[in-house]
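Written out below as structure tokens is the structure these notes cover.
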Amino acid sequence: MTISSRPRLSIIGTGYLGATHAVCMTELGYDVIGMDVDVEKIARLRAGEVPFFEPGLGELLRKNLETGRLRFSTSFEEVAGCADVHFICVGTPQKKGEYAADLSYLDSAIAGLATHLNYRALVVGKSTVPAGTAARLADLLAALAPSPDVELAWNPEFLREGFAVEDTLRPDRLVFGVRSAWSEQQLRAVFAPVIEAGTPVVVTDFATAELVKVAANSFLATKISFINAMAEVCEVTHADVTQLAEALGYDDRIGRRFLNAGLGFGGGCLPKDIRAFMARAGELGVDQALTFLKDVDEINMRRRTRVVDLGFELVNDSYIGTKVCVLGAAFKPNSDDIRDSPALDVAASMQRHGAVVVVYDPAAMDNARQAHPELCYADSALAAAQGANLVLLLTEWSEFRQMDPQVLARVVAHPRIVDGRNCLDPAVWRAAGWTYRALGRP
Ligand code: UGA
């Protein structure tokens, strides 16, 4: 396919998903315009600055800005004037005070774009949504677009933070939820280089495409909570959940990935997606089908309480006046994202119980400071551990996995550690004089 036969693309919403998608599609050879109503975000992207932490994305953004094929705008009118396929990548967060997803950003993006579509165009939803949303948005689009030839498609996204570039350029699969052969054809043209590289394509209706995404995240959440439930059993039987996971993982039908027991899942996706899925199932009258997700959620939240309790045992049943060093604030390593971060949740809870909590994270300090001004922050792991009565490792950054227990022991008041991610070697830490505790491990 020649470059000229490739559709021109717009990406509406330049958060995590949209910014990565815009940069990667330019890298694949397309003309791309990224759009956001957030003026500051667009100014930073234009200046070659990624507004969040994602390994490799900044370099790729600057490289592609230089080609002249990647632009950014804050105007729906401009975007409508220079693209054939429009991707909607806005957020669908959990509604305040409810489990359901807040679709207001999605509705306003579709409405803002639609009134300018006076030509044949494809609008592609990428956001994670409750089943039935695409059908409703197709009606909205048809009602608002001046052209009768505007179609909607749904193309869920599976990228992981920390691996966003790799996951976008080389996804495991592409899912096209479409209502016409033309829509499928357009999507095949948009992803031609990815498809030619061997990525499988599954073509579905709208509802299936919407469900693939929430089902995938529900499965991943269930897998994590399964191994964390096993960790609870390991704790009372004195078994070792890390060995259990290794042994289970050799069975190809089970697989070792996402069987890391510990503090459990957080972030902007897994927790809110399983809750929104339960809420939607209730609306559809099939809530019983998903009641197990409530257990998945509960097992996950119990892990946070368990870490607070483990720490409590180590400081002789009182946090009052103790100094606690928390290593990690991001919801997972290689990210500065603190949305529903298990690490910060535990840190804040300990502080509420009377401890003085000092946090260090290699990337998420600014975000953590903003969300939790009541906590103390230090510039390094060693500085955070200075004089600590208890150390908690809550996000498994490689910097923490590689810490020298002898060096850390010299700065703390008491060498006691809770390994909330089962990522340290207990024998090594105990040999260095530490009281070592972990979840699901003797
Ligand atoms: C997740 C999915 O993995 C992506 O496929 C999906 O596209 C994305 O949500 C989304 O919906 O946008 P992400 O939120 O970036 O990606 O993070 P994960 O790598 O899935 O990790 C989620 C949480 O689970 C983290 O807090 C992590 O520490 C925890 N986790 C992961 C475990 O506790 N144990 C494991 O074995 C694996």
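Please treat every number below as a calculation from the coordinates, not as lab data. These numbers come from a predicted model, not from an experiment. A quick note on method: Cβ atoms are made from the backbone with ideal geometry, for glycine too, and the neighbour counts reach across all protein chains shown.
Structure notes:
- Kirkwood hydrodynamic radius (C-alpha pairs) into Stokes-Einstein, the stretch 214-296, 20 °C and 1.002 mPa s, D in µm²/s: 156
- Principal-axis analysis of the Cα atoms of the chain puts helix 16-27 at an angle of about 60° to the longest axis.
- Taking label points 7 Å from Cα along the Cα-to-Cβ direction, VAL203 and ARG410 give a separation of 6.6 nm.
- The separation of the stretch 150-193 from the stretch 74-99, counted between C-alpha centres, amounts to 16 Å.
- Mean separation of Cα contacts under 8 Å (6+ apart) over length of the stretch 9-204, as relative contact order %: 18
- Listed residue (THR322, GLY91, TYR377) projecting farthest to the positive dipole end of the chain, Cβ model: THR322
- Taking other C-beta atoms within 10 angstrom as a stand-in for reagent exposure, THR20, THR204 fall in the order THR204, THR20, fewest first.
- Charge context of GLU98, other residues only, Cβ under 12 angstrom, K/R +1, D/E -1: +3
- Relative to the Cα centre, the charge distribution of the chain, modelled as +1 at Lys and Arg Cβ and -1 at Asp and Glu Cβ, gives a dipole magnitude of about 340 debye.
- Counting 0.36 nm for each residue step from ALA215 to LYS95 and taking away their Cα separation leaves a gain of 41.2 nm.
- In the chain, the longest principal axis of the Cα atoms and the axis of helix 292-314 are about 30 degrees apart.
- Nearest-0.05 FRET efficiency for ALA247 and ARG173, computed from C-beta distance (R0 22 Å): 0.15
- At R0 = 60 Å, FRET efficiency that the Cβ-Cβ distance of CYS82 and SER380 yields, to 0.05: 0.80
- Computed extension length for ARG136-ALA431: 100.1 nm, one decimal, from 0.36 nm per residue of separation with the Cα-Cα distance subtracted.
- Building the convex hull from the alpha-carbon atoms of the stretch 1-158 and averaging its projection over directions returns 9.7 nm².
- Between the Cα long axis of helix 206-237 and the first principal axis of the chain there is an angle of about 10°, rounded to the nearest 10.
- Charge tally around GLY68: other residues with Cβ under 15 Å, Lys/Arg +1 each, Asp/Glu -1 each, net +3.
- Residue order, fewest to most beta carbons within 10 Å, for HIS414, HIS86, HIS238: HIS238, HIS414, HIS86
- Neighbourhood charge, 14 Å Cβ-Cβ cut-off, centred on PRO7 and excluding it, Lys, Arg +1 and Asp, Glu -1: +1
- Antiparallel bridges, percent of DSSP beta bridges restricted to the stretch 9-204 (to nearest 5): 5
- Global form of the stretch 53-124, assessed from the alpha-carbon gyration tensor, a/c cut-off 1.5: oblate
- Stokes-Einstein D in µm²/s, Kirkwood radius over Cα pairs - the chain at 20 °C with 1.002 mPa s viscosity: 92
- Helix-only mean residue ellipticity at 222 nm for the chain, each DSSP H run of n ≥ 4 adding -39500 (n - 2.57), per residue, nearest 500: -13500 deg cm²/dmol
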